[in-house]
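Novice: Just dropping this structure here.
Just so you know, all these numbers are worked out from the coordinates, no wet-lab data involved. Here the structure is a predicted model, which is why all the values come from computation and not from measurement. Backbone-built Cβ (ideal geometry, glycine too); neighbour counts: all protein chains shown.
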Amino acid sequence: MDSSPTHPSPPLAASLCLTLVIHGSLLISGTFRGTYDAYVHIFFGDHYARDWFSTWETRWYTGFTTVSYPPGTHQLIALLSKVVGLEAAFVIVQLSGLLILVTGVYRMAGIWVGPAARRWAALLAVVSTSVAEAIHVFGQLPTIIALGLLLNATPFVDRWLRTGDRATLVMAIATLAATTACHHVTTLFGSVFFLGPVIARVIVDAWRSPDTGRCVITSLLRAAVFGGLLIATLVTVVLPYWLWSSSDPISQVPIPHDSRADFLDNTNAGLVFWGIPWGVLLMISVKSLFVALRGRCWPLGLSIALLALLGTGGTTPIPRLLLRGAFDILTLDRFTFWATIAILPFAGVVVERLAARSMESRRTLAASALFGLAMIAAFIFTVNLSQFRQIQPDHVDPAPIADFLAKDQHDRWRYLPLGFGDQMAWLSAHTTATTVDGNYHSARRLPELVSRPVERLEGAKFRGMPGLGSLDQFVTTPERYNLKFVFSNDTFYDPLLFANGWHRVETLINGVVVWERADITPLPDTLPVSELPAWQRILWGILPLAAVTSAAFANAAALLRTREHDRGVVLARRQILHGPDGATLRQRLVSPTWLRALCAVGIVVGVAATTWDGGDSGATAQVYDYYDDIDFGRLDAAWERLDPHTAPSLEQFTLERSVRDGLVDGYAKLDRLELVDARIENGSGEVDVVAHYVTSLTAWTVEETHIVVERDGQWRLGWVGTESAIPVEQFARQTVVDYVDHGRRRVTTETSDYGDILDRPRVSVLDSRLVTRAGQWFIVGQLTNLDVDPADITVTGRLLGADGTALATYHGGEGTVHKVLPGETVPFRVAFEGVATVAMANVAQDQEAGVFDPELVVQLELTEDVVSYEVEAKALVTGRNLDRLVVSNVSAEHTPDGAMALSATISNRGTETATIPMASISLLDGNGEVLWVDAFPLSTAIRSQRSAEVTFDLTDPTTLDSADLSGLAFDSGGTINGRTEQDSRSFESVVAMSIQGFGEVEAVAITVSTFERGVG
Amino acid sequence: MSARIVRARTTSSTLVVAAMLVVTVVVTAVVAVGAWIVLSAVSGDRVASHDDATAAPSVSTILVPAEIEAGEPVSVAITSEMASGIVEVHATSGLGRLSFRVRLSNGTGRLDLPPAVTQHAGVLSITAGDVTEQLSIVPSEVAEVVAPLVGPRTIVADGADTTLAVIFPVDRFGNQVANGTNVVVEWQQPSAQGTTEQLTTVTTQTTDGMAFDLLTSGEVAGPTIARTIATTQDGEQINGAAIRIDEVPGTVSDIEISASALSGFADGRALIEIESTELFDTFDNRLADGTVGHFVFDGPSGFGVVAGTVQNGVFSVELVSPDKPGTLTGHVELHGRVSNEISVEFESAISGFEATLSQVGTDTVLRIDVALDPTGAFVADGTEVVWGEYRTQIRLGAAEIRLPAGASPESTAPIEILGTEVRPMRAEQRPMGASQ
């Protein structure tokens, strides 16, 4: 067990050098850029670099306080960034943290095991997959440094408890102060799992000493002194954090985290949060734990066992029982991480013994070599995990976006990045412009964000409908947040933006598309700042960094102190671990039989996993697999599943797929496939399925019937039909009226010239109505663009109370045609929605339980009755998104359930593909006034000069409750040719088709606008 | 003895470490606070300081003129009971405060305020000791007309719409000129083609620093230029910038439409062009390009709406023929006006076709052969064939749908092409692979 001349072990210096070489190379090569958290820490570093003593950051969440996260590491980045820049500063601090961690493992191990084992432990830390994952996949910085510091403090604590050496007490407290400065949670919980066992063992040792009573009391007193000082340090170093935390407690809907999942059910989560961190250590973990639990190391052994158990997340009910409410708040992967670190001393013992036996036996040598190779392979796999499975979008150069924000005073408005992943923090570090989003969810306070289980709006689609619902509130009511620009790196969100009146401005050279919402008020010149009192800011700016500096001095001082004591402790430990039967135990422990067995099991499992094709090869399984292949773009595999008798050639099949576009084919993600019915007899039949898609607009279902046939013992899908329409003209020509608005005609940084600001087009609200449907308030109506210029309209609805105060304000979203041609009449719909609170928390839980209703909206919670309403229409000149599609062959039919379905042919006579046609259908009463407005995005694109047949299920008018309340309309309409639109509705009569037998509805009007993917 | 040494060493170490920690904290604090102060100073924040305290002699009177013109130098006379000394004099206006030192000689002092101090019209307060006098600075002659504001800049040429020009004449220092300054506004409005443009000149006067004029639109669409001229007391004309506004056409007065053909085949593919005559508003202004209108029709395939825009004064849309025979009638709606009604007759576009069902192994194969139009040619490629829920297209007069056994529709379901339905005939069963 101990080192001996014949059993060499790697010196600590070698491990540190390896750390520098391996992790240093990886970090310098930029692995941190693809991690989850690295850019967040860099952003915080940028904050302190810009203003050291500021505790308020305006760039995220409309402002948040930075005392919500301990600043130690961030301030180090800030300091270094002044010399080497932000990214290099992060690399230096991260690498320093790793060196501290490896040293910490070495020093902590010294308390529990012998010199050789502690050296092996340090080496194992260098190639540990949990450390590699934490650094190169998760991008964790504060937790790494904090844990390193905590481990470095353990020998000081041990010495203080055993000897009462007050210098070591000071060193321990200084080091733990630095731990707190970097990551207070590590001090809080880490103390329990790392320092607790140290204290426990000292007390146990004291109990076993000849002078039990005095020794135990002394140890307890010293532990009490240490505990008191630790708590005082914990409170003092980050005092502003505690004060903020108590005055503004975090109350958010828990954000789902896969570390809380059932790893047997969610195997991907199991791999990432359990399999990879443990890695090859699993092979020796049982043995290591056995070593730990024997002798007097059992306190740490128990700690490891508990950590490992908590790290299993929701696989067993035990972590939830133990952690109770904290289970839904904590990310449980940290327990696994701590377990893999805490076990290293004992893993070092096992490796030491394996190395010793390798000198004597070739088979053991081979097993050892296999173990070593497995460690290296697992390490390489882990650091390259993002290559195997992309966890972040491709790198986005933030410079063009920062330039865009800086020019023409674009930073006077807020922006929202979409599809950036964690790189949004890197973008934020490049600009002083502000965003409603952010990448540090604990600091969020906007109700729209904290009430939904969405970590970031930027990645809303990964949180399903609650995420998209949260994003929807922001893009529907951008005025509320002064939100004018969206930088989209993911076309998934295009339909949502288009439907809510956003339009594309340009594509930047980094490929990011800039979307803009017209008519948004700029931010005030001075933003509200909620800085803490000066004394707290000074404390925040000084104490954490002072703590880190003190720890550096303390540990340097420790190095200068004699090592004789260490040696004595190590000798004592050797006696404890060896025991009288040490030699026999060693032989028993290091037997490589278990290693071979584990390898064999691994090989069998691996072979089985690679050869297993999912089992069921029946007809329905083929249908499932076909959809899966299509969803992931595996067209070759999908084509293989088609009936060769009816299938087109592979080339024809892929070609036909390539021309399909639209909401479902181009912007949706298959959520699940539901088998409705399978009618199969004698080797053929039909399978009815419902494909459930998620789009940024809404959940979407597609019902399909697939022919299935058995050919040569294999089930295949029948293929019927090809591209449906052939355009009338081979070469179509079209004359159009096009528009361009130069904006500033002069190239200048000055304020816009008066002459460059165009008049607002005159728009007039023809009629409006306040209705409720299923408890939700709506204002529906129609307006006309009276002007000769096309108009980009903004419709604002307000519900008013008895004294005229606005009870709720919302904007026209889906259902509103936002870009209006000169002389055109279009419908609008303002759908009032409440800011989600408790209701959405329940929704989050329901969704996890699989019962989430995508149609669910949060109702307004009004403090008083609505007595009237206002609707305001204003417009700016636009030249975008003005194409209209042709509606023909319209016929209305009653459905069997008494509702009304409208069938129509929608034709695209333009020269661009109508990627997402959007039909707004107004139900009109006998006076031509709007009763209701339905919005129907079409599922498929309509290519130029082609048509599509569609059916719209109209809203049943009996489900609508007209509020019969008076309303006021504010618009810019006026007298034209002596006629006002009010005294003669004939200014623009609504083009509508009469229908009968549908309640109050006597006509329907259809306007089909379109989003065109290729048109900016 | 050794215990004492160990204890002494321990105490010494503790003190050293503790001292180092204290030093660290203090040094960090000093450096940080120092950096803060330096950075604050560098960034322009004021560091608190106190005014110099001076033992000033008491001032008895300040003599200044009651009123001067902007930019005129002014002399301030100060008297004091003390024969000598230095008096601090402050000149305060809405723009801030300037301080001067005046040396007394024989109880009097004189301060000549430079023109730069009197450039801004308004009240200038002169303070020395406890005495304050006020000096009124009035604007000087008009020297410039700041770009006039005209809005709205698009009005309807209907003889009723209005726009407003607001003019701000200023003196050479940018002060708004005195009330009553004459300002001339010239409106150059468009006129009918071939006639001289209409020029309207209005003279107005400034009130509270500005003048304005309201223009009523003419009846001819086109650009209108607004020019402004201010006049000095010497009769010198000061020209302002010209501003362009647009007088645009109003609503359409009458719509007459026609179709490019009055009959055709109902093949779902032929194009019919619907075009209006040139469209004018009530005052014979040609309608603005981009104005939207709708061709609303009802035909054998149902109701339909085609949106189109006015281009070069003409509204036109292209209509695809229906795929069922019958009469299509429609009209254009634009600006609420409804055009004349037109009708187009559509004949059946298919004379006949054969549909054959056959069994190929377990598969059912539907084959359409020789689908001809009334002229005897194949129906157009791309014409849709509908068999229950399955569809395909004609190519070279033929089409095929192949279904495995058990798939609907029933083999007796009719086949529809361009509104013509035929029930398929059953052919003999062929062995697997015999079909192409």
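Novice: State whether the range B:352-426 is rounded, prolate or oblate according to the following rule on the C-alpha gyration tensor (a ≥ b ≥ c being the square roots of its eigenvalues): a/c under 1.5 gives rounded; otherwise a/b larger than b/c gives prolate, and the remaining case gives oblate. Each step should come with its number before you reach the end.
Specialist: Numbers: a/c = 2.05, a/b = 1.89, b/c = 1.08.
It is prolate, given that a/c is not under 1.5 and a/b is the larger ratio.
Novice: Can you pull out the trypsin sites (Lys or Arg not before Pro) in the range A:6-92 whose DSSP state is coil and whose Cβ has at most 13 other Cβ atoms within 10 Å?
Specialist: Within the range A:6-92, no trypsin sites (Lys or Arg not before Pro) qualify (loop, at most 13 other Cβ atoms within 10 Å).
Novice: I would also like to ask the following. Treating only the Cβ atoms of Lys and Arg (+1) and Asp and Glu (-1) as charged, compute the dipole magnitude of the range B:240-341 about its Cα centre; round to the nearest 20 debye.
Specialist: 200 debye
Novice: List the lysines whose Cα sits under 26 Å from the Cα of A:K669, skipping any in the same chain fewer than 8 residues away.
Specialist: A:K461
Novice: Considering only C-alpha atoms, what is the centroid distance from the range A:781-827 to the range A:642-690, in Å?
Specialist: So the separation of the two Cα centres works out to 41 Å.
Novice: Using the Cβ atoms and a cut-off under 12 Å, what net charge is assigned to the surroundings of B:G299, where Lys and Arg are +1 and Asp and Glu are -1?
Specialist: -2
Novice: Would you compute, for the Cα atoms of the range A:399-516, the largest minus smallest coordinate along each principal axis and list the three values in descending order, in whole Å?
Specialist: Sorted from largest, the Cα extents of the range A:399-516 read 35, 30, 24 Å.
Novice: Between the range A:175-254 and the range B:196-260, what's the alpha-carbon centroid distance in Å?
Specialist: Centre-to-centre (Cα) distance: 82 Å.
Novice: Check the straight Cα-Cα distances from A:K407 and name the lysines below 19 Å, setting aside those fewer than 8 residues away within the same chain.
Specialist: Qualifying lysines at Cα under 19 Å: A:K484.
Novice: Excluding A:E686 itself, calculate the net charge of residues whose Cβ lies under 11 Å from the Cβ of A:E686, where each Lys or Arg counts +1 and each Asp or Glu counts -1.
Specialist: Summing Lys and Arg as +1 and Asp and Glu as -1 gives -4.
Novice: Using the Kirkwood formula on the Cα atoms of the range B:257-348, what hydrodynamic radius do you get, in angstrom to one decimal? Could the numbers behind the result be given before it?
Specialist: Working: mean 1/r = 0.0748 Å⁻¹.
This gives a value of 13.4 Å.
Novice: Give, rounded to the nearest 20 debye, the magnitude of the charge dipole that the range B:142-247 has about its Cα centre when Lys and Arg contribute +1 at Cβ and Asp and Glu contribute -1 at Cβ.
Specialist: Its charge dipole is roughly 180 debye.
Novice: For chain A, take the longest principal axis of its alpha carbons; what is the angle in degrees between that and the long axis of helix A:72-84, to the nearest 10 within 0 to 90?
Specialist: 80 degrees
Novice: Enumerate the amide H contacts of B:G85 below 5 Å, restricted to partners 5 or more residues apart or on another chain; note that Pro and chain-start residues carry no placed amide H.
Specialist: Amide H neighbours of B:G85, under 5 Å, 5+ apart: B:L104.
Novice: For the range B:65-173, run through the GluC sites (Glu not before Pro) and keep only the ones in DSSP coil with at most 11 other Cβ atoms within 10 Å of their Cβ.
Specialist: Those satisfying the criteria are B:E81.
Novice: Now a separate question. So what is the calculated 222 nm ellipticity per residue for chain A, using -39500 (n - 2.57) for each DSSP H run with n of 4 or more, over all residues, to the nearest 500 deg cm²/dmol?
Specialist: After summing the helix terms and dividing by the residues of chain A, the value is -12500 deg cm²/dmol.
Novice: How big is Rg to Rh over chain A, alpha-carbon atoms, Rh as the Kirkwood inverse-mean-distance radius?
Specialist: Working: Rg = 33.6 Å, Rh = 32.5 Å.
Over the Cα atoms of chain A, Rg/Rh equals 1.03.
Novice: Grab the beta carbon distance between A:R214 and A:Y36, set R0 = 60 Å, and tell me the FRET efficiency rounded to 0.05.
Specialist: For R0 = 60 Å, the calculated efficiency reads 0.70.
Novice: Give the aspartates and glutamates whose C-alpha is closer than 18 Å to that of A:K287, dropping any in the same chain fewer than 8 places away, or say none.
Specialist: Filter leaves A:D2, A:E352, A:D581.
Novice: With each label point set 7 Å from Cα along the Cα-Cβ vector, what nm distance links A:W207 and A:A14?
Specialist: 4.0 nm
Novice: Size of the dipole of chain A about the Cα centre, Lys and Arg at +1 and Asp and Glu at -1 on the beta carbon, nothing else charged, in debye to 20?
Specialist: Approximately 7480 debye in magnitude.
Novice: Using alpha-carbon pairs under 8 Å, 6+ residues apart, how would you state the relative contact order of chain A in percent? It would help to have the intermediate numbers written out before the result.
Specialist: Working: 1925 pairs, mean separation 106.7, N = 1016.
Normalised by residue count, the contact order of chain A is 10 percent.
Novice: Counting only DSSP beta bridges with both residues in the range B:257-348, tell me the antiparallel percent, nearest 5.
Specialist: 90 percent
Novice: Additional query: Kindly express, to the nearest 10 degrees and within the range 0 to 90, the angle between helix A:281-293's C-alpha long axis and the longest C-alpha principal axis of chain A.
Specialist: Between helix and principal axis, roughly 50 degrees.
Novice: Using DSSP to define loop residues, name the trypsin sites (Lys or Arg not before Pro) in the range B:105-186 whose beta-carbon has at most 15 other beta-carbon atoms within 10 Å. Provide the component values of the computation, followed by the final result.
Specialist: Numbers: sites: B:R110, B:R153, B:R172; in loops: B:R153, B:R172.
Passing sites in the range B:105-186 are B:R172.
Novice: Of the beta bridges DSSP finds with both residues in the range A:399-516, what % are antiparallel, to the nearest 5?
Specialist: 55 percent
Novice: Another question about this same structure. Can you compute 3J(HN,Hα) from phi for each residue in the range A:544-560, using the Karplus curve 6.51 cos²θ - 1.76 cosθ + 1.60 with θ = phi - 60°, rounded to whole Hz and x for Gly and Pro?
Specialist: Per-residue couplings from phi come out as x, 5, 4, 5, 5, 5, 4, 4, 4, 5, 4, 6, 5, 4, 5, 5, 6 Hz.
Novice: Still on this model: Give the angle, between 0 and 90 degrees and rounded to the nearest 10, that separates the Cα long axis of helix A:838-848 from the longest principal axis of the Cα atoms of chain A.
Specialist: Value to nearest ten degrees: 70.
Novice: Rounded to whole Å and ordered largest first, report the semi-axes of the equivalent ellipsoid of the range A:619-717 derived from its Cα gyration tensor (root of 5λ).
Specialist: 23, 18, 10
Novice: What share of the DSSP beta bridges in chain A is antiparallel, in percent to the nearest 5?
Specialist: About 90 percent, rounded to the nearest 5.
Novice: Quick query: amide H of B:E354 versus all other amide H atoms, modeled in the peptide plane; which residues come in under 5 Å with a sequence gap of 5 or more or a different chain?
Specialist: B:D369
Novice: If you don't mind, another one. Measure out, as a whole number of angstrom, how far apart the alpha-carbon centroids of the range B:276-353 and the range A:892-918 sit.
Specialist: Each part's Cα centre sits 20 Å from the other's.
Novice: A further question follows. In µm²/s, what is D for the range B:214-371 at 4 °C and 1.567 mPa s, where D = kT/(6 pi eta Rh) by Stokes-Einstein and Rh is the Kirkwood radius from Cα pairs?
Specialist: It diffuses with D of about 65 µm²/s by this estimate.
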